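The values are calculated or read from the model by the stated rules, or taken from the named source; none is laboratory data. The structure displayed is predicted, hence computed values, not measured ones. A quick note on method: Cβ atoms are made from the backbone with ideal geometry, for glycine too, and the neighbour counts reach across all protein chains shown. Areas reflect the complete protein model, heavy atoms only, side chains present, ligands, DNA and RNA absent. Shrake-Rupley method; radii C 1.70, N 1.55, O 1.52, S 1.80 Å.
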Amino acid sequence: MKHKIFLFCLAALTAAAYTLSADGIGDMRGLALQNVKIPFYKEKQLQLVAFADTGRREDQLMLCGNTFLDILLESADVDRIPDGWRVHLYPLKAPLPEVLKFWSPRRETSKAVLFTPDSSIDQSRSEAFGDDPVFMRSPMLDLDGIGFQADFKNNVIEVTSEVSITARKSDADPRKLLTGTPAPPRYEAVHATSDSLRLDMTNNELMLIGHVKVIDGPSTLTCDRLTVFLSDDAPEPDPAAPMLKGVSRVLADGDAVLVRIPDDPSGDTVTAKSDHMEYDLKTGIIVLTGDSAEPLILRGINDRLSGTRIEILRHENRYFVHGNCQVVSSERDAEGKVTGVRTITSARADFDGNTDESNFHEHVTAVDGDTTLNCDRLRILMKKNQSREVEKIFAEGKVRVVSRTEKDDPQAPGGRKTAQSTVDSELAELNYTVNKLIFYRNVKVRDAESALDCDRLDLFLKDKRHAAGQVSGAPLGGGMGSRNKSLTKMIASGRVFMTNSKDEMRTELMTLFFRDLPDGFKPSPGMFQSGGVQLTRIVCDGKVVGIGDAKSAPEDRRILNAEHAMWDLLKDYSEFHNNVVVYRGETDALHCRDMYVFTRESSPDEEKTASLKKAANPLDEDPFALDMGENSVPARIALSDGLNIKRIVCKHEVVMVKRASDGQLQRAGGDQAVYRVADKEMVLTAEPPRRPWLRSDGRKQFCDIIRSDTETEDLRGIGNVQVMPDDR
């Protein structure tokens, strides 16, 4: 009889272990139990059930072995909750069929499950904790770690160390796949690791802490802390980040680095670095900010963007930089060495990926090699292709372009001196389609020796060619100048005014022509003669007025008027056509229809030889028979009498007016006049049967030759002189 009573009590005790309540734990202190089942309630709603293979009561704690915590859905049917003893969890990164097999009986009851070999449960405080490995599984997220603390009253679970996570993407949701949704063609998941984790189910926050690393296909994010905010009304996941189902916002803090490897092997890896990254999925805005350093975006190894605050609008494919914007682009040779760097800085900037347009605002500075651009606003348009080539650049508001080049100077340190030229305007446009650069309104060009003002300045460019004849393929990416472009022609129009240290010139249209600098050839320094090009020819049209010795006394100035002018700096001569008049002082003048000025500098020996020939050979057999070699180029356009002028030839309707020192007014004319600087003498001739003429002291004289000596003021006729009263 006693034996039967013992068996009955044992059976009753075993049954009680399966349905242990909170009151029952207190009654069985120190007693070892099997198959423990502990329910947790919150506001009379069953919140979770703890299953344990073994349990032992110590004070307020139940020490459990092989603990399985089943965190329930609010809609869970209590009668359909599966048992949790001796449940086998699938491993982290398990294939999708294993995941579906596990969640098939639990998809309508369980929100998540947690397993650990040993744990301590305080049912009165709704807490559980342990130091052993812990494994949490949910339909969308799986987690492994070591050590945990669970506060079910406040819905907080913390994993102490060595956290590893696998997050399934939305197309692999077991709850959908188990109800008939087709399986994805490829099972993809996001993997993450961190030192610890905190899950706040009340505030819908998941926080990864310490050495965080998230891998999502081609993208990798590392940071010190990652906070994920969950929301029931969160938007549909971004196509570029479908694992963020149910996520409303993501924060990455502390040395955050996001790296994306392109699908195309030829593409560039994009890296974003900042102290803080915030991604709001509702607005599609990503914000990068920094504490110790400004946020930075890198494209490959050549391009970088930084600023105080960077906002990326994913839905609109636009992004903004607020404060200290800087864009840096590098060029490299075949060996990977940097051959050039372009930099753009501004107070703020915005970029539109739909129109391939970039806008820089306030205090804009673009540096490209030896060229610097400053303006208030800069707009860059890219070509509609994958080459990322610049199509057009617009600069507005106080535009200034500064070009620097080095030249030999024995007086400078190291024997080299930096020369600088500037272009100022209100608007500039660089069009790569037609290789043209235009400056508008109040254009001012300056260098150490020259100045040019005009209403509009057009520069025509061409692609530089390598020695093998191949066009350089790397286009300008930032500044207004480029090492891969060279200047071919420049047109100044409107109110054109050009001056140097001595001379001035005004016209309505001026065209300057350039050529690539020949190998080993060094041009004289001067305006626009930099960047490997050489000024070769200048053409002016429309009311050309040139003033020589403009800063001297009025009686010493030379003033030239013409309707067309041309300077050939390789052949060392200039041409002036149509109503040409050269004035000196108030009375001296030289009129003609066509004038040719030869400007190659003479050597001392040439000057001496010319003086000896003056008496023996009064006339040039051929005034155009000059050496047209390319030995030198004058540094400036010489309009005045000096060493830069060698010879002047006037043709057609030549008239010379001169007042001698005694006050006598002299006039002379003919078909041609030749003035040689070395001889200081002007010689007038005419085509037979016409003869040159001379008017002086009330008489008119015809002869074969008329000579005018600029030093002695002697004006005389030679050969077959015929004198008659002047009837004028």
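Below are the figures for this structure:
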| read-out | value |
| --- | --- |
| Reachable aspartates and glutamates, given that their alpha-carbon falls under 19 Å from the alpha-carbon of LYS44 and they are not under 8 places away in the same chain | ASP23, ASP70, GLU74, ASP77, ASP79, ASP122, GLU127, ASP151 |
| Cβ-defined net charge surrounding THR222, 15 Å radius [Lys, Arg +1; Asp, Glu -1] | -2 |
| Global geometry of region 68-123, whether rounded, prolate or oblate, following the gyration tensor of its Cα atoms and the 1.5 cut on a/c | oblate |
| Cross-link partners of LYS93 among aspartates and glutamates (Cα-Cα below 12 Å; sequence separation of 8 or more within a chain) | ASP142, ASP144, GLU188 |
| Accessible area in the full protein assembly, largest first, 1.4 Å probe, for LYS543, LYS651, LYS502 | LYS543, LYS502, LYS651 |
| Kirkwood-Stokes translational diffusion coefficient of region 666-720, alpha-carbon pairs, 4 °C, 1.567 mPa s, µm²/s | 116 µm²/s |
| For region 52-193: rounded, prolate or oblate by the Cα gyration tensor [a/c cutoff 1.5] | prolate |
| Radius 12 Å from Cβ of PHE439, net charge of other residues (Lys, Arg +1; Asp, Glu -1) | -2 |
